[in-house]
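What follows is a single structure, written as structure tokens, with notes after it.
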């Protein structure tokens, strides 16, 4: 490929070529190709600029980098190197940032803080080609999480309890919101919204549940069925989330902890805390054949309600984790427990280290390749909007970076529902500002900027 040839008025535009066939005749051709074949930039003060790959769209005359440069990159001047398909006689550069148009000598630096227009002239002095070169730079701080109150009203009525879960309805993923109405004589109600919406909610019929005393916060999906316990120890199941019935062979379930998924080394299991005839509590698990297995006695510090629960994969095994919550003595806790089989649980956090204050009603989710622990209500009844994260599967926790924290107008709360959607938004539904408060009828949504960048 040819390097730039500076335009000189009156230069020779003909190229003489001698035939290879033994003839003494010579043919004269006019080069009419003014295409740029490659484009690079360099500035010693801008790390990585020389390695940025630029795409040249010959059809539309566009030069750009598909992978945007970091937020805050400054390109008031950069040395540009061009190569051509056949070579050009001259080139003009028009810098939008400065308003200057120059016959460019191929070495002077240019201002790329805004697009630069290049007009190349072929050796025939007639053929030209126009390109617009633009350096794409992230316009927002990639690691900042932008929060917004996405909906100020969901179902428009006061409720005592609220739980939002992802279920399948009409062959598509749908948010189901279970609520306990405050209206006299009303029991539990069900509303739905497409996961692509989350703002518009429609009432659905709900059958089979008692009028009160359900622990809807422990709603769990297992092997295509949904489960919820009652405060009396009964376990209910549903195949569609709308029509419920008792699980006949279940033990007295004091807490529904979650699910250990099936893996290459293990079978799936529904994990509960079961009460024995003598009143002792033991860990128990139900397999997909609805057969129960009993395990260890439940330690005094293990949470039975108000915990955050999540299933996860690590080192070729599947696990279930619970964090914080109220123990059997109704005291808040601040530790992490995990199991791979539902019958044996292990304390992951060091009991001598308090990574966060003891609390109930926490939200636990996986986001940005970390576990996030959000909010909760402490022993004094004070709600929090603190966000902690863990990168070692709950063994340790630390406060999240200040660029991710919840905004000032977000009310501190516990007992909210948290989900991460297909567009990497974290959604926080409802929640209570204290143990006695009614759930908030609102939805907050946030996303770390870089998780929304197009790939």
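Since every read-out is calculated from the coordinates, none of them should be taken as a lab result. Predicted model, so just to flag it, every value in this text is computed and none were measured. Here Cβ is always computed from backbone atoms with ideal geometry, including for glycine, and neighbour counts include all displayed protein chains.
Please report how far the C-alpha centroid of segment 347-414 lies from that of segment 293-346, rounded to the nearest whole angstrom.
Each part's Cα centre sits 16 Å from the other's.
Checking a compactness column here: for the chain, what do you get for Rg(Cα) / (2.2 N^0.38 Å), N being the number of residues?
Cα Rg divided by the expected 2.2 N^0.38 Å: 1.43.
Gain in length, residue 402 to residue 200, computed as 0.36 nm per residue apart minus the alpha-carbon separation, to one decimal in nm?
69.5 nm
With label points built 7 Å along Cα→Cβ from the Cα atoms of residue 139 and residue 225, find their separation and express it in nm.
5.3 nm
Fully extended, how many nm does the chain gain between residue 451 and residue 212 (0.36 nm per residue separation, minus their Cα-Cα distance)?
Gain on stretching residue 451 to residue 212: 82.0 nm.
State whether segment 244-304 is rounded, prolate or oblate according to the following rule on the C-alpha gyration tensor (a ≥ b ≥ c being the square roots of its eigenvalues): a/c under 1.5 gives rounded; otherwise a/b larger than b/c gives prolate, and the remaining case gives oblate.
It comes out oblate by the Cα gyration axes.
Within a 10 angstrom radius of the beta carbon, how do 427, 59 rank from fewest other beta carbons to most?
59, 427
What is the chain's relative contact order, in percent, from Cα pairs under 8 angstrom and six or more apart in sequence?
10 percent
Please work out the C-alpha center-to-center distance from segment 193-223 to segment 116-164 and express it in whole Å.
With segment 193-223 and segment 116-164 each reduced to a Cα centre, they are spaced 36 Å.
Using 0.36 nm per residue, how much length does the chain from residue 347 to residue 182 gain when fully extended, once their Cα-Cα distance is taken away?
55.6 nm
Taking 1 over the mean of 1/r across every pair of different Cα atoms in segment 14-134, what Kirkwood radius in Å do you get?
That comes to 15.9 Å for segment 14-134.
Compute the Cα gyration tensor for segment 151-245, then decide on rounded, prolate or oblate, letting a ≥ b ≥ c be the square roots of its eigenvalues: rounded whenever a/c is under 1.5, prolate when a/b is larger than b/c in the other cases, and oblate in all that remain.
Note, shape of segment 151-245 comes out oblate.
Kirkwood hydrodynamic radius (Cα pairs, Å) of segment 217-366?
15.5 Å
Among DSSP beta bridges lying fully in the chain, give the percent that are antiparallel, nearest 5.
Beta bridges within the chain, antiparallel portion: roughly 95 percent.
Can you pull the one-decimal nm distance between simple spin-label points at residue 166 and residue 316, each 7 Å off the Cα toward Cβ?
About 2.8 nm, to one decimal.
What nm distance separates the two modelled labels at residue 366 and residue 380, each placed 7 Å from Cα along Cα→Cβ?
It works out to 3.6 nm between the two label points.
Can you tell me how segment 302-406 classifies by the Cα gyration tensor, rounded, prolate or oblate, using a/c under 1.5 as the rounded cut?
oblate
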